[in-house]
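Novice: Sending over a structure as structure tokens; questions will come in a sec.
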Amino acid sequence: MDKKIKKHDIKLGYWQVNFEENLLISDTETVVLLPKVALAIEFFVNHPNSTITFDELNSALWPNEVVGDNSIYNLIGQVRKVLGDNASAPKYIETISKKGYKLIAKVEQQTSPSPHSQPVEEKTQPRINFNNRYVVISGILSLVLIIFAIFFSTTAPQKSLTPQFNLAEQYTALASLHARKPYKEDKLKAIEFYEKVIALSNNDEVPHIEVAYLNIALMALIPSEQALFFQKAERALNFAVNIEETPDTELLKAHLRWINDASTLPALMETYEHLSKHNLLISSQIYFSHALFVSGYIKDAIELQQAILDECSTCVELYRKLANSHIVQMNYTKAAKLFNQFHTLNQYKEGDAVKLAPQGTLDVTSLRYLSQYVTKHSPHVTTVNQLNELTLFYLNAGAFEKAISINTHRDESTDSSFFSLYTFAALAGAQRDFERSLKLFALRQALYSQQTQFAIPVALTHWLLGNNQKALAVLENKQIFVTLTANIDLLKQYPQYTTFFAALLNSLGHREKATDLLTRIKENLTANEQLSASQTMDLALVEAQLNQPSASLDAIEAAISKGWVTDFSLHWWRFEDNPFLRVLKQNKRFNSLIDDYYQMLASTD
């Protein structure tokens, strides 16, 4: 490749680059570069107009480790940001599809050691003719001016030649870094940095808007101080409005009204729709997507969250928000990938059982790890969602009394989020109070009626209680039965729900249709060369419905040996109460397998 440029100032397009001090300098500003960004720019400068592959960037910038493509994407994004470049119309870094990147800006090596000193040309001094009086007079005047210059330069204050960077910009960058992370410590640190920005320049409404949204986030992260953080959010909004009313301040007003009164959601949605044509702040969009999510508009939340992520690939918290949205839609594969990306960007050194419990396919190995973690580290639960997650974790581990005890003081009447309602329903199911489960699921369906899948647990619990016609009516009302039985892809994706529809058909006397449906599910499952633990249990449920008790018991035994455990994040009954296995209830082998199952759970402690 090209010859390496020495580490002194070079001209790169609009910028002068000082690699010794990691500076970008223009006529109007000086930018301090992060070390990795400076290294990346230097590497490109040393190889102008050459296509740099991902492997070459990895080797040059992370010499002792192999990083994922996202690390490189993020770094290139930072390089473009500081240079003022645009990926769609590049002037500095061009993306070479499926290969890498190329520096296309002109690189010029400077002859001066500093951007503040002028180049000196070496010339042969002409002989002065002292017979020329004008030359002599000119020389004397020059000497006087030099003496005066020397005198004043030694007595007047020295002006620093060190380039001054924009401190407010640096604080803003640090604030944004912390604001995009999910934990209260990060949010509080972000507020500290934004307050520094405000102290330096109090004529910008944006830092005040960011502080308002951070305080809204802290309302959920520190529930005991909700009123205080709401007041702080209002105060920050007032400061922002006093500086300038913008689309972001208008949306923030609507958001705060919605927090006070959930019935104003249509007004918030209308406000966002009206303002979305403007270039809204990332925070404004993120928190509106959260309002959609908690209000049950999951598909709309996913669409908006994905659009934001396309614009802000380093918004760490957004990966988890989008993953949670996909979990509600039962898109578990997408959710798992997003959670992995969230953990990578968040650089977890150690797992947290409270946060990890609902993330990914549950089996006895992960349950054992989580149990050991919880035993060793008393979980620090600060939010309602964490309490819900920990409750489901204890139910999964068979620690039913523990799950019940940590919820003793909860007031169900004041917590109607769909996650909390589900958790309460699962608790009731673990206590075999399925009538209560039904009431809680029905309340969730009524509050979040736009979520079709919330009707399924209502129908399933009706069937579990023997209310077959009511179960069918719920499904017909939402057209779920027609949709699922006509869609082979859905059959493959949700075998247990499809098994339920078949079981319901059978209980209503439609045995041929039920058998046909179950046979199709079985074919889908057995088409796999190697079934997972959960797929093996799905097969056991199908065999039981097909009245094949021996095959069902074999599959149950195989599933348990593979590490299968009941996942209360999906179901709300103990293993022995599984309604699909009623035909095995009096079977001695089945009861022996139940004992084996709980012994396996006990070994996870």
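The values are calculated or read from the model by the stated rules, or taken from the named source; none is laboratory data. Only a predicted model underlies this, so the values are computations on that prediction, with no experimental measurement involved. Quick reminder, even Gly has a Cβ in these numbers, built from the backbone with ideal geometry, and neighbours come from all protein chains shown. Side chains are part of the model used for accessible areas, which takes the heavy atoms of the whole protein and leaves out ligands, DNA and RNA. Shrake-Rupley method; radii C 1.70, N 1.55, O 1.52, S 1.80 Å.
Novice: For the stretch 525-544, which positions are open to solvent by less than 40 Å² (accessible area, probe 1.4 Å) and in a helix (DSSP H, G or I)?
Specialist: Correct list: 525, 533, 536, 537, 538, 539, 540, 541, 542, 543, 544.
Novice: To continue, here is another question. Which ones in the stretch 577-589 are open to solvent by 30 Å² or more (accessible area, probe 1.4 Å) and in contact with a helix residue (DSSP H, G or I) (Cβ under 6 Å, 6 or more places away or on another chain)?
Specialist: Across the stretch 577-589, the qualifying residues are 583, 589.
Novice: How about the stretch 545-593: which of its residues are in contact with a Phe, Trp or Tyr (Cβ under 6 Å, 6 or more places away or on another chain), closer than 29 Å to residue 467 by Cβ and of a type in the set (A, V, I, L, M)?
Specialist: The one that is in contact with a Phe, Trp or Tyr (Cβ under 6 Å, 6 or more places away or on another chain), closer than 29 Å to residue 467 by Cβ and of a type in the set (A, V, I, L, M): 584.
Novice: Shifting gears a bit: Using beta carbons and a limit of 7 Å, which pairs, at least six apart or on different chains, have the first residue in the stretch 72-86 and under 17 Å from residue 177 (Cβ atoms) and the second one charged (D, E, K, R) and at pLDDT below 85?
Specialist: 75/36
Novice: Could you check the stretch 409-515 for helices (runs of 4 or more DSSP H) lying wholly inside it with 2 or more residues that are at pLDDT 90 or above and crowded, with 23+ Cβ neighbours inside 10 Å?
Specialist: Helices (runs of 4 or more DSSP H) meeting the threshold: 418-430, 434-447, 455-464.
Novice: Of all the helices (runs of 4 or more DSSP H) wholly in the stretch 1-111, which have at least 2 residues that are modelled with pLDDT of 80 or more, of a type in the set (Gly, Ala, Ser) and open to solvent by less than 50 Å² (accessible area, probe 1.4 Å)?
Specialist: Where helices (runs of 4 or more DSSP H) fall fully within the stretch 1-111 and carry at least 2 residues being modelled with pLDDT of 80 or more, of a type in the set (Gly, Ala, Ser) and open to solvent by less than 50 Å² (accessible area, probe 1.4 Å), they are 35-46.
Novice: Taking the condition of being under 22 Å from residue 313 (Cα atoms) and either among the hydrophobic types (A, V, I, L, M, F, W, C) or at pLDDT 75 or above (or both), how many residues in the stretch 344-355 meet it?
Specialist: Of the residues in that region, 1 qualify.
Novice: May I pose another question? Just for the stretch 268-283: of the residues that are part of a loop (DSSP other than H, G, I, E, B) and touching a residue at least 12 places away in the same chain (Cβ under 8 Å), which one is farthest from the chain's Cα centre (by Cα)?
Specialist: 278
Novice: Scan (1) surrounded by fewer than 18 Cβ atoms within 10 Å (Cβ to Cβ); (2) modelled with pLDDT under 90; (3) over 25 Å from the mean Cα position of the chain (by Cα); (4) in a helix (DSSP H, G or I) for the single condition residue 238 breaks and write down its number.
Specialist: Failed condition: (2).
For every residue, the table says whether it meets (1) charged (D, E, K, R); (2) part of a helix (DSSP H, G or I).
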{"residue": "552", "(1), (2)": "no, yes"}
{"residue": "556", "(1), (2)": "no, yes"}
{"residue": "564", "(1), (2)": "no, no"}
{"residue": "567", "(1), (2)": "yes, no"}
{"residue": "583", "(1), (2)": "no, yes"}
{"residue": "591", "(1), (2)": "no, yes"}
{"residue": "597", "(1), (2)": "no, yes"}
{"residue": "601", "(1), (2)": "no, yes"}
{"residue": "604", "(1), (2)": "no, no"}
